[in-house]
Amino acid sequence: MITTMPDLPNPHASAMLVMTLIALYGFSRDNWRLEITSLSLLVVLVVGFTLFPFADFNPSRLFSGFANEALIAVCALMVLGQGLVQTGALEPIGRGLSILWGKSPALSLLATLITGACLSAFVNNTPIVVLFVPILISVCLRNKSSSSKILMPMGFATLVGGMTTTIGTSTNLLVVNVAADLGLERFGLFDFAIPASVGACVGLAYLWLVAPRLLPARATKLSADSPRLFDARLHLTDDAVAVGKTLSAAIALTGGDMRVIRIRRGDTTLMPLPDIELQVNDRLRVRDTPKNLKAFEESLKAKLFATTANTKEAHPLNAEDQTLAEIAIVRGSRLDRANLAYSQFLDRYQLAVLALHRSGKKIWRSKEDIHDVILSPGDVLLVQGPRDQLAVIKRSPEFLLLDSSVALPRSKKAPLAFGILITVVTLAALGIMPIAVAGIAGCSAMLLTRCVTINSALGAISPSVYFIVAASLALGLGLQVTGATQYLTELFLFATQSASPPIVLSALMLLLAFLTNVVSNNAAAVIGTPIGIGIAQALGLPAEPFVLAVLFGANMSYATPMAYKTNLIIMSAGNYTFREFVKVGVPLTLIMWLTLSSVLTFMYL
């Protein structure tokens, strides 16, 4: 036990601690792309160790994260999950749950939570959430009930289930591999399933019985009657009936319902004064529901999408079978921290973006056009175009289609894709192959059998996850070789010097649970794992419970919508606020913390 304040670390360790704080701050910034932050961190570390050498440490070792077994396994599992989505292999499960919901809503919610948790133990939870959201919204539309009471519990259930196996989340894989690199015996696929399952059962009970009562009942009207308010611009063309009329007269044409925020004329922004005379090419900034926006467009004979004389006949708005839909942006997509123009959204997907929605925030500046707005995960786009193009969006891992009218994809290769996944899991569970090897073999099988295309496979690999894992491993290595990890371990032991081992273990888990909600869970896991092992060694106790405390704590991404990308998907789909995530997520965090701390103490200490 450390009874005195540890000595200050050496200059290199001090620099690494400062870099860690900067990195954690960067990872927590919503307006900074994780890929850029991660790559910048890696560059600074490599250049720093090159210019200021430390002992015999070779800076090129910092690149080893790109070939780390955990990163390879994470990418392979992303591709396998995309294969399930593209072939519709999970569709029978979704269809079965949909039928069950019509018979017993209470038991159906429990079945949905258990199914989501079980699937997330073996598959990335993003495709599971993407599968369940339109099903649950459709059920709520038919039953005239509120989807806001069940979407958040469903999303959290997939996070709870993901901590039960080594392949459930990228965080699990990182902790297991870092611990193995530090000399611990490698955890098997189900080695911590018992304590995790106990925690999952308690968490699912809370999500079933308590969480829905903490959430408000909001009307579920997606499609044309969405309650979401979108920012849009009505373009007054030569044919617009409002041209030459005053703004008050134009508003009267809409039945007095339209509220104009500002008027854009050329490069000038005008205040929406009632007596201002509207001209050709004026753009009226309005905010309303999709149904009302389309009504304003029709009443004024204006355009929600800025068409030009050069608009091609193949333009999506000229196609037949026009459909209006809402799609949410997922973290890591090509629109994450990018704009519509840069990502060539119109050309790529043949869907015109009519309006934008960002929960609780202003989404664009007065001088910007819609294609110039920098978008973020959780933003919702109101799009219009041919119905068959929405099926393309439905199969994309970059977006979540919030319109339940689109059928789930299904192909004859769905059983094959599901069989490949089962084979990969079986090989890893029996110890015949490491998960990275089995996963890569499974990806090859998916590609060779055309269950997934090469473009879809590459698109399934999230750049943000890829780079943040590599950068976090480099940061963890730098902390270890310089002695910064040892200093943090001694500091933690000094702060908990009078506490018993169960309290120390519990405090470590709570610390990681806090970190994972404000910074990247992968970074928290990589930094926390060697600290957990160091604490166990200093106390003369087995390292396994302390490693699991790090693993479980780093998975408790419940308290904020930014903590995990599926939280942002759920936030968009359910129109939740930040406060509602805190209201439901903090009690869940405390319940899981107390339960798992008790179980680990009982089993190991």
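So for each of 506-515, 290-299 I average, over its residues, the number of other beta carbons within 10 Å; can you give me the resulting order with the highest mean first?
Going by the mean number of other Cβ atoms within 10 Å, highest first, we get 506-515, 290-299.
Could you give the length gained on full extension between F57 and R579, defined as 0.36 nm per residue of separation minus the Cα-Cα distance, in nm?
My answer for the length gained is 183.3 nm.
Could you work out the local net charge near L551, counting Lys and Arg as +1, Asp and Glu as -1, over the other residues with Cβ closer than 13 Å to its Cβ? Each step should come with its number before you reach the end.
On the way: positive: none; negative: D191, E544.
Counting the neighbours of L551, the net charge comes to -2.
Quick one: if you stick a label point 7 Å off each Cα along the C-beta vector at L594 and N10, how many nm between them?
4.5 nm
Using θ = phi - 60° and the Karplus form 6.51 cos²θ - 1.76 cosθ + 1.60, what ³J(HN,Hα) does each residue of the stretch 120-136 get, whole Hz, x for Gly and Pro?
5, 5, 10, 10, 3, 6, 4, x, 5, 4, 4, 5, 6, 4, x, 5, 5
Based on the mean of other beta carbon atoms within 10 Å per residue, what is the order of 495-503, 433-441, 120-128, most packed first?
My ranking of the peptides, most packed first, is 120-128, 433-441, 495-503.
Need the full-extension length gain, L253 to F514, defined as separation in residues times 0.36 nm minus the C-alpha distance. One decimal, nm. Intermediate values should be presented prior to the final figure.
On the way: separation 261, 0.36 × 261 = 93.96 nm, distance 5.32 nm.
Stretched fully, the L253-F514 segment lengthens by 88.6 nm.
Could you derive backbone 3J(HN,Hα) for the stretch 103-109 from the dihedral phi with the Karplus parameters 6.51, -1.76 and 1.60 (θ = phi - 60°), listing whole Hz in sequence and x where the residue is Gly or Pro?
9, 8, x, 5, 5, 5, 4
Only helical DSSP H runs with n ≥ 4 go in: add -39500 (n - 2.57) per run for the chain, normalise by residue count and round the 222 nm mean residue ellipticity to 500 deg cm²/dmol.
The helix contribution divided over the chain gives -17500 deg cm²/dmol.
Note down the magnitude of the dipole of the chain about its Cα centre, charges +1 on Lys and Arg C-beta and -1 on Asp and Glu C-beta and zero elsewhere, to the nearest 20 debye.
Details: 46 positive and 37 negative charges, 285 e Å.
Using only the charged Cβ atoms, the result is roughly 1380 debye.
Scan (i) 3, 16, 25, 24, 16, 10, 4, 1, 0; (ii) 3, 12, 17, 18, 15, 11, 8, 7, 5, 3, 1, 0, 0; (iii) 3, 16, 26, 28, 18, 7, 2, 0 for the value of P(r) over Cα pairs in 10 Å bins from 0, in percent calculated from this model and give just the label.
Correct label, based on the coordinates given: (i).
Cβ neighbours within 10 Å, averaged per peptide: list 383-392, 82-91, 130-139 in order, most packed at the top.
Values: 383-392: 19.0, 82-91: 25.5, 130-139: 23.1.
Final packing ranking: 82-91, 130-139, 383-392.
Counting Lys and Arg as +1 and Asp and Glu as -1, what is the net charge of the other residues whose Cβ lies under 10 Å from the Cβ of L477?
Summing Lys/Arg as +1 and Asp/Glu as -1 gives 0.
What FRET efficiency, computed as 1/(1 + (r/R0)^6) with R0 = 22 Å and r the Cβ-Cβ distance, is obtained for N281 and H371, rounded to the nearest 0.05?
The pair N281/H371 has a calculated efficiency of 0.85.
Every number here is computed from the coordinates shown, using simple stated rules; none is lab data. Computed from a predicted model, the values in this text were never measured in an experiment. FYI the Cβ positions are ideal-geometry reconstructions off the backbone, even for glycines, and counts take in every protein chain you see.
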